[in-house]
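A.B. asks: Here you go, one structure.
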Amino acid sequence: MKLILSNKEVYDRPVHPNPGEKPIPRWFWCFALFIVKAILAVLWRSSTVNKEALRAFEGKYGVLLIGAHTSYLDPVFLVANAGPKQWPRAIGRDNIFAKLGGFTGFILGRCGAMPIKRDFADTVAVKRAVNLLKHKDAVAIFPEGTRRGKSDREATLHGGCILISRMANVPILPFAPIGVADIKRKGKFLKFNKCFIAYGDPVVLADFEFIEKENRMEAAAWYVMRESYALLFGCPASEVDMKQLFPASNDYRELFANHPIPKHTPEEAIAICMAKNA
């Protein structure tokens with residue numbers, strides 16, 4: 001039995017292995033979760049809204065979590081609030097994993113995170129995420145490629161997240177890290193405000209098949225991110241100004257106004273995807 005696994009072995013191992021396969025080691029994650037969860041609960045009164053939408057997938061079907069990126073702490077709140085019952089595998093840019101001579105990657109990997117190359121078609125990361133989703137794991141991704149309002153990079157829509165959902169044939173669950181961006185603003189003191197993760201309704205890609213193929217992935221990403229920002233802003237999705245948020249993207253507001261995407265329960269979303277597998 002190997003006592004120390006390579007980073008690749010940790011990244012590749014699922015939470016829910018098939019018979020004969022080995023799961024990702026949980027000891028370090030459980031240890032870190034106990035400490036981090038207590039800190040978040042005490043200092044930021046951390047909680048979750050509509051957690052049952054996430055819980056409905058546990059052990060039954062894979063789910064891709066997609067949300068707005070506001071802070072380095074977004075994945076910390078996401079994973080901590082989901083555990084210990086569930087363990088979302090967060091995807092982050094690879095240069096973070098390389099810090100401190102790779103020690104950061106060692107720690108993040110044992111907390112379930114996985115690297116992805118930014119600005120490149122990272123087929124290794126995509127295939128890894130698809131494999132984990134097919135093992136009924138939850139995988140989380142922030143598709144904007146940068147933290148909104150905290151980077152000199154312009155946030156853009158990346159259809160790669162939709163490709164992952166399509167290849168794995170799993171529903172997408174929009175979420176939003178509410179209040180996390182306010183913890184530390186540039187030039188401001190640390191703030192101990194209430195923070196929580198809010199989940200929306202699951203989205204299935206079968207509902208976007210009326211859109212021509214060349215625009216389908218971008219339109220689906222646009223829709224899912226609008227759902228996430230509606231949770232973040234606490235407003236109806238129709239009131240989110242996506243043109244301001246993503247000026248370089250096409251505007252699909254009229255398209256979805258004329259062809260509303262149906263709302264699904266998690267059970268319905270799972271059934272739709274399972275029927276496609278049949």
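A.B. asks: Counting alpha carbon pairs within less than 8 Å and at least 6 residues apart, what relative contact order, in whole percent, applies to the chain?
C.D. replies: Over the chain, the number comes to 23 percent.
A.B. asks: Within straight cross-link reach of Lys127, meaning Cα distance under 23 Å, which lysines are found once same-chain residues fewer than 8 apart are removed?
C.D. replies: Within the straight-line cut-off, Lys127 pairs with Lys8, Lys22, Lys60, Lys117, Lys136, Lys213, Lys276.
A.B. asks: Further question on the same structure: What is the magnitude of the charge dipole of the stretch 164-256 about its Cα centre, with +1 placed on the Cβ of each Lys and Arg, -1 on the Cβ of each Asp and Glu, and no other charges, expressed in debye to the nearest 20?
C.D. replies: 780 debye
A.B. asks: Rank Pro174, Ala38, Gly20 by how far each Cα sits towards the positive end of the charge dipole of the chain (+1 on Lys, Arg Cβ; -1 on Asp, Glu Cβ) and give me just the farthest.
C.D. replies: The Cα lying farthest towards the positive end belongs to Ala38.
A.B. asks: List the lysines whose Cα lies under 22 Å from the Cα of Lys188, skipping any in the same chain that are fewer than 8 positions away.
C.D. replies: Candidates past the 8-residue exclusion: Lys150.
A.B. asks: Sticking with this structure for a sec: To the nearest 20 Debye, how big is the dipole of the chain about its Cα centre, given +1 on the beta carbon of each Lys and Arg and -1 on that of each Asp and Glu?
C.D. replies: 1280 debye
A.B. asks: How compact and how long is the stretch 55-143, expressed as Rg and Dmax of its alpha-carbon atoms in Å?
C.D. replies: Considering the stretch 55-143 through its Cα atoms, Rg and Dmax are 12.8, 39 Å.
A.B. asks: Run the simple label-point estimate for Thr265 and Asn18 please: 7 Å along Cα→C-beta, distance reported in nm.
C.D. replies: Those two pseudo-labels are separated by 3.1 nm.
A.B. asks: Order these peptides, 35-48, 100-113, 244-257, 191-204, by their mean beta-carbon neighbour count within 10 angstrom, highest first.
C.D. replies: Listed from highest to lowest mean packing, they are 191-204, 100-113, 35-48, 244-257.
A.B. asks: GNM, the chain, Cα, under 10 Å: largest mean-square fluctuation among Val15, Val124, Val170?
C.D. replies: Val124
A.B. asks: For the chain, what does the helix formula give at 222 nm: sum of -39500 (n - 2.57) over DSSP H segments with n ≥ 4, over the residue count, nearest 500 deg cm²/dmol?
C.D. replies: Computed ellipticity for the chain at 222 nm equals -12000 deg cm²/dmol.
Coordinate-derived values only; no laboratory data. Values in this document were obtained by computation on a predicted structure and should not be read as measured data. Note that each Cβ is placed from the backbone with ideal geometry, even for glycine, and that neighbours are counted across all protein chains shown.
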